[in-house]
Amino acid sequence: MTDPSSLPYRPNVGAALFNHAGKILIARRIEHQAVLSHPWQLPQGGIDPGEDPAIAVMRELREEIGTNAAIILGSIAEWLSYDFPPEIRISLGTRHRGQRQRWFALRFTGTDDLIRLDADAHQEFSAWRWADLAEIPALAVPFKRHIYERIARDFAVFAKPEGE
């Protein structure tokens, strides 16, 4: 069995998508429900080789929630990482230790009817809702909680109604 600490991190982007009221989009995962105690998460996904992270986050929004009607407001300057617990690594069948992520704050410029979780052939989420930013650390799986605490802290400036 491979020592997980010798495995690489998968390059990844994350999207903290805020609506005009300052709420953040969270979505419930379909897969891995048996091993996830907290199935709610923010949209995130892999970066293709040579892809700019800002391009990747817009692509991931389109793939995961059916729209990329958004503008980038800011990002966390450094890459954040987390390790997969063994049961998740086995469930995913991945050869990665975890994920190394660049997180972006975005403002949703569309209307809620543009959000379509079934728009991509590989649907990842079964439900979504707008939430208060302060809620997200408690909704995150324990191995991602430190990332969500950082997002809540660094992106608090965007969690207010537009124009305030």
Assuming ALA119 fulfils every condition listed in (1) surrounded by 14 or more Cβ atoms within 10 Å (Cβ to Cβ); (2) at pLDDT 95 or above apart from one, which condition is it? (2)
Of the numbered conditions (1) open to solvent by less than 70 Å² (accessible area, probe 1.4 Å); (2) in contact with an Asp or Glu (Cβ under 9 Å, 6 or more places away or on another chain), PRO161 satisfies every one except a single condition; which is it? (2)
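Within the bounds of the range 134-141, is there any residue that is part of a loop (DSSP other than H, G, I, E, B), surrounded by 17 or more Cβ atoms within 10 Å (Cβ to Cβ) and in contact (Cβ under 8 Å) with a residue 60 or more places away in the chain?
yes
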Is the range 71-82 home to any residue that is open to solvent by 60 Å² or more (accessible area, probe 1.4 Å), in a strand (DSSP E or B) and of a type in the set (Phe, Trp, Tyr)? no
Could you check ILE65 against (1) in contact (Cβ under 8 Å) with a residue 60 or more places away in the chain; (2) within 30 Å of SER6 (Cβ to Cβ) and say which number it fails? (2)
Please enumerate the residues belonging to the range 85-115 that are more than 21 Å from GLU64 (Cα to Cα) and assigned to a loop (DSSP other than H, G, I, E, B). PRO85, ARG95, HIS96, ARG97
So, in the range 1-29, of the ones that are in a loop (DSSP other than H, G, I, E, B), modelled with pLDDT under 95 and open to solvent by 70 Å² or more (accessible area, probe 1.4 Å), which residue ends up nearest to ARG153 (Cα to Cα)? PRO8
Hits in the range 92-116 (condition: in contact with a Leu (Cβ under 9 Å, 6 or more places away or on another chain) and surrounded by fewer than 16 Cβ atoms within 10 Å (Cβ to Cβ)): THR94, ARG95
For TRP40, indicate whether it is modelled with pLDDT under 90 and under 20 Å from ALA138 (Cβ atoms). yes
Is one or more of the residues making up the range 54-66 open to solvent by 60 Å² or more (accessible area, probe 1.4 Å), within 14 Å of the chain's Cα centre (by Cα) and either among the hydrophobic types (A, V, I, L, M, F, W, C) or within 23 Å of HIS20 (Cβ to Cβ) (or both)? yes
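Based on this model, can you work out whether GLU124 counts as touching a residue at least 12 places away in the same chain (Cβ under 8 Å), open to solvent by 60 Å² or more (accessible area, probe 1.4 Å) and out of contact with any Cys (no Cβ under 9 Å at 6 or more places or on another chain)? Working first, answer last.
Details: touching a residue at least 12 places away in the same chain (Cβ under 8 Å): yes; open to solvent by 60 Å² or more (accessible area, probe 1.4 Å): no; out of contact with any Cys (no Cβ under 9 Å at 6 or more places or on another chain): yes.
Judged against the criteria, GLU124 is not a match.
The values are calculated or read from the model by the stated rules, or taken from the named source; none is laboratory data. This is a predicted model, so every value here is computed, not measured. Note that each Cβ is placed from the backbone with ideal geometry, even for glycine, and that neighbours are counted across all protein chains shown. For the accessible areas, the whole protein counts, side chains as well, though only heavy atoms, and no ligand, DNA or RNA atoms are used. Shrake-Rupley method; radii C 1.70, N 1.55, O 1.52, S 1.80 Å.
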